[in-house]
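The values are calculated or read from the model by the stated rules, or taken from the named source; none is laboratory data. This one's a predicted model, so the numbers in the text were calculated from it and none came from an experiment. Don't worry about glycine lacking a Cβ; one is built from the backbone with ideal geometry, like all the others, and counts go over all protein chains shown. In case anyone asks, the SASA skips ligands and DNA or RNA and just uses the protein heavy atoms, side chains included. Shrake-Rupley method; radii C 1.70, N 1.55, O 1.52, S 1.80 Å.
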Amino acid sequence: MASKRILIVGGGIVGLATAFKLGLRLPGLRITVLEKEDAVGRHQTGNNSGVLHCGLYYKPGSAKARLSVAGIQEMIAFCREQKIPHEVCGKLVVAINDWELPRLEALHDRGRQNGLQGLKLLKPEEMREIEPHVGGVAALHVPQEGIVDYPSVCAVLLKKIQAQGGQVITRAKVIRLRRATTGWLAQSSGAEFTADFLVNCAGLHCDRVSELAGERREVRIVPFRGEYFKIKPERQFLVRHLIYPVPDPQFPFLGVHFTRLIEGGIEAGPNAVLAFAREGYRKTDINVRDLADALVFSGLWRFLGRHKRMCWEELKRSFSKRLFCQALQKLVPEICQDDLEIGGAGVRAQAMSPDGNLVQDFHFVRRHDALHVLNAPSPAATASLAIGEEIAIQIERELSR
Ligand SMILES: Cc1cc2nc3c(=O)[nH]c(=O)nc-3n(C[C@H](O)[C@H](O)[C@H](O)COP(=O)(O)OP(=O)(O)OC[C@H]3O[C@@H](n4cnc5c(N)ncnc54)[C@H](O)[C@@H]3O)c2cc1C
């Protein structure tokens, strides 16, 4: 088993964590990560909020709950050990009116069911001791959450994979996968690679890579762009740490929030707008193939039919700083449009099923010679080391059959 060749498609945090964990678990495996960009972590991993999520929101027993609860602890320990910038600063989830209180309490219960310690419901005066400028009627304090520099995590993982004897090859887009007598033949934009086992961690393109490997594309990636504003330096005193709204249970995204960045500064966002390109970081980015792919997918139409109002509100907010600011004012009433400068954007790879439902949990498809990660949205960056460990265990099982 030790000399088997493992090919990982995708050098985001999930692909890198998987390579690292496989190398630790099964030293001697010949591991190659192929990444299409000129460096690792260029897509979701390098354009996210940089938050360490502890497992508050996710259905008890789900892979998301299990892997984020374990993953945050492992990620913090890894950052401490490797001296990667991070801070466990805590978060407030704020109910903006009495109507949101039952949902806040339900979130508290869910967190406790997921085994989180130290969660506390706060009255207005208590929450303002933590965040003096916050609005709302009550808050849930989540002490174990924090912020981190995920690109630095990737840089350390890259070095560790190389020190284990693995290879990470950039500018290598996998364009064809064929079965060989034993395993796989992968044609990339650079060279050809052979492998006994294939791991698909291609993020925004994972459904396409699975199709290259002969899978039916049942769930499909639908890209949702998340746009950010930055708070001007002279107004950053309005937010100390992390301030989040109570999420809408119908939607997998958390709603626009305030995030202190580990490198300094405060971000507000991200919203969630359907993107016309899987790597469309600007509103004007259109990729004809991605757009056509989305438009012929019946699941998207069903989703749009069911969530017309929400999609329209998100779209309007994307084009209107005033509306974006109004959403933020619910959390921090003193924030005003002049405090906001255009920030960056990220695109989420969200899997959707043909019936128009968003796949809520992490989704892995395992075959005897391949494993496809077909849904790894937030909090997969936080949970990446735990996800990598889980994949490594599954591969070990397959290889030892
Ligand atoms: C706006 C936003 C905010 C978020 N905030 C948080 C947060 O605060 N905390 C958190 O835990 N999570 C957050 N997430 C989620 C988190 O970023 C992702 O879950 C995580 O980065 C997924 O990692 P990945 O490796 O699966 O995907 P990616 O980082 O997208 O990596 C996939 C890689 O595969 C490569 N690739 C694709 N196709 C091919 C091919 N054919 N050949 C070779 N390479 C290929 C791509 O170039 C890419 O580098 C956020 C995501 C977004 C978009």
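Taking the criterion of being open to solvent by 50 Å² or more (accessible area, probe 1.4 Å) and not acidic (D, E), the residues of segment 349-363 that qualify are P354, N357, Q360, H363. As a summary of the residue check, I31 satisfies the conditions (1) in contact with a strand residue (DSSP E or B) (Cβ under 6 Å, 6 or more places away or on another chain); (2) within 11 Å of the ligand (Cβ to nearest atom) except for the one numbered (2).
When R401, R367 are checked against the criterion of being at pLDDT below 95, away from the ligand (no atom under 16 Å from the Cβ), open to solvent by 30 Å² or more (accessible area, probe 1.4 Å) and farther than 19 Å from G55 by Cβ, R401 stands alone in meeting it.
For segment 372-397, a residue qualifies if it is surrounded by fewer than 22 Cβ atoms within 10 Å (Cβ to Cβ) and hydrophobic (A, V, I, L, M, F, W, C), and exactly one does: I393.
A quick yes/no check of all residues on (1) touching a residue at least 24 places away in the same chain (Cβ under 8 Å); (2) under 14 Å from I8 (Cβ atoms):
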| residue | (1), (2) |
| --- | --- |
| S188 | yes, yes |
| L198 | yes, yes |
| C201 | yes, yes |
| D207 | yes, no |
| E211 | no, no |
| V219 | yes, no |
| F224 | yes, no |
| P233 | yes, no |
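Filtering E211, E227 for residues that are modelled with pLDDT of 95 or more, of a type in the set (D, E) and open to solvent by 50 Å² or more (accessible area, probe 1.4 Å) leaves a single hit, E211.
As a summary of the residue check, P102 satisfies the conditions (1) touching a Ser or Thr at 6+ places or on another chain (Cβ under 9 Å); (2) farther than 29 Å from L374 by Cβ except for the one numbered (1). The set of residues in segment 145-169 being within 11 Å of the ligand (Cβ to nearest atom) and either surrounded by fewer than 17 Cβ atoms within 10 Å (Cβ to Cβ) or in a helix (DSSP H, G or I) (or both) consists of Y150, P151, V153, C154, L157, I169.
Condition first: in contact with a Gly (Cβ under 7 Å, 6 or more places away or on another chain) and more than 9 Å from the ligand (Cβ to nearest atom). Can you find one or more residues in segment 34-48 that meet it? No, the conditions are met nowhere in segment 34-48.
Say we look at segment 200-229 and pick out the residues that are within 11 Å of the ligand (Cβ to nearest atom) and in a strand (DSSP E or B); which of these is farthest from E341 (Cα to Cα)? Filtering first and then ranking leaves N200. Within segment 91-118, the residues that satisfy the criterion of being more than 22 Å from A327 (Cα to Cα) and either among the charged types (D, E, K, R) or touching a helix residue (DSSP H, G or I) at 6+ places or on another chain (Cβ under 8 Å) (or both) are D109, R110, R112, N114, G115, L116.
Selection of segment 170-189 for residues being more than 10 Å from the ligand (Cβ to nearest atom), part of a loop (DSSP other than H, G, I, E, B) and out of contact with any Ser or Thr (no Cβ under 7 Å at 6 or more places or on another chain) yields T181, T182. Taken over segment 126-144, residues that are part of a loop (DSSP other than H, G, I, E, B) and within 24 Å of the chain's Cα centre (by Cα) amount to 2.
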